[in-house]
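To keep things clear, I will list the structure first and then write my remarks on it.
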Amino acid sequence: MGGKLIYESVNHKVYLFEELTPASAVQANQYLIIHRNEAILLDPGGHKVQSKLYSDICSIFRPKGIKYIFLSHQDPDVVAGINYWLMTTPAVAYISELWVRFLPHFGLDSKMEGRVKTIGDKGLRLILGGDCELQILPAHFLHSPGNFQLYDPVSKILFSGDLGASLGQDYFFVKDFDSHIRYIEKFHKRYMASNRAMRAWVQAIRHLEVDAIAPQHGALFMGKDLVDRFLQWAENLECGVDLISERDYILSS
Ligand code: FE
């Protein structure tokens, strides 16, 4: 139980929570970034995770210090517990302007709506703990049409949402990229929209100094070598509409 500390320096900590999802649900990672006396919670997830995550967080940080909640996109494993988190913390939540009006369908109370802010298509910056400038980066169509990632310039971790996600592996840190491909390939070919979107994303990310990629499902890519391998792989992957043909729209008999 409890979060795994994946980065620590003076005034800055990053925790991963990876074992809270029930077995029948797709495994999901949650992350907490703490800078000085403030924190941001990333993709907190749904009802089956929320109370366990809350008690795990309480053992490392006071929930009253959670200033922001970042929602990378609209899926239930990201946003379904949003009302719970707004009730139990003073945080302001951020989600794409495309998705904000979908949150009441997940039980967001009207009195909480004012604490949900929208992210325009170009992203934005958030200041944590007075001097840590987090970047909310556009990553549209990877996979959601209104999709964002979060870059932490202190840890140099890119929190990549569903991009980089793996399913079915029995480890939480990638060791060997080549043997990891079998756990990421099928997911990316179906869930990511197109190679054009992948290439645009890779070009943008290469301008950043990224030491690790931390997806919302499965194993993390820790270290520049694995980050580079993943970027190379993503850049060359045909996926989504690249692979669609007319016969895919015919009902099987
Ligand atoms: Fe998703």
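The values are calculated or read from the model by the stated rules, or taken from the named source; none is laboratory data. Every value quoted in this text rests on a predicted model; they were computed, and no experiment measured them. Glycine gets a Cβ as well: all are built from the backbone with ideal geometry, and neighbour counts include every protein chain shown.
Worth a mention:
- Scanning the range 151-166 for residues that are at positive phi and assigned to a strand (DSSP E or B) yields one hit, G161.
- Matching entry among Y183, Y171 (being surrounded by fewer than 14 Cβ atoms within 10 Å (Cβ to Cβ), of a type in the set (F, W, Y) and not in a strand (DSSP E or B)): Y171
- Residues in the range 139-155 that are away from the ligand (no atom under 15 Å from the Cβ) and free of Cβ contacts under 8 Å to residues at least 60 places away in the same chain: Y151, P153.
For every residue, the table says whether it meets (1) within 30 Å of D242 (Cα to Cα); (2) within 16 Å of the ligand (Cβ to nearest atom).
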site	(1), (2)
D43	yes, yes
K52	no, no
G65	no, no
L86	no, no
M112	no, no
I136	yes, no
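- Scanning the range 140-150 finds no residues that are modelled with pLDDT of 95 or more, surrounded by fewer than 19 Cβ atoms within 10 Å (Cβ to Cβ) and small (G, A, S).
- Residue among L32, L16 that is in contact with a Gly (Cβ under 7 Å, 6 or more places away or on another chain), assigned to a strand (DSSP E or B), in contact (Cβ under 8 Å) with a residue 60 or more places away in the chain and buried (at least 17 other Cβ atoms within 10 Å of the Cβ): L16
- Of all residue pairs spaced 6 or more apart or on separate chains, those with beta-carbon atoms under 7 Å, a first member in the range 217-238 that is within 24 Å of R196 (Cβ to Cβ) and a second member that is among the polar types (S, T, N, Q) and assigned to a helix (DSSP H, G or I) are L237/N195; E238/N195.
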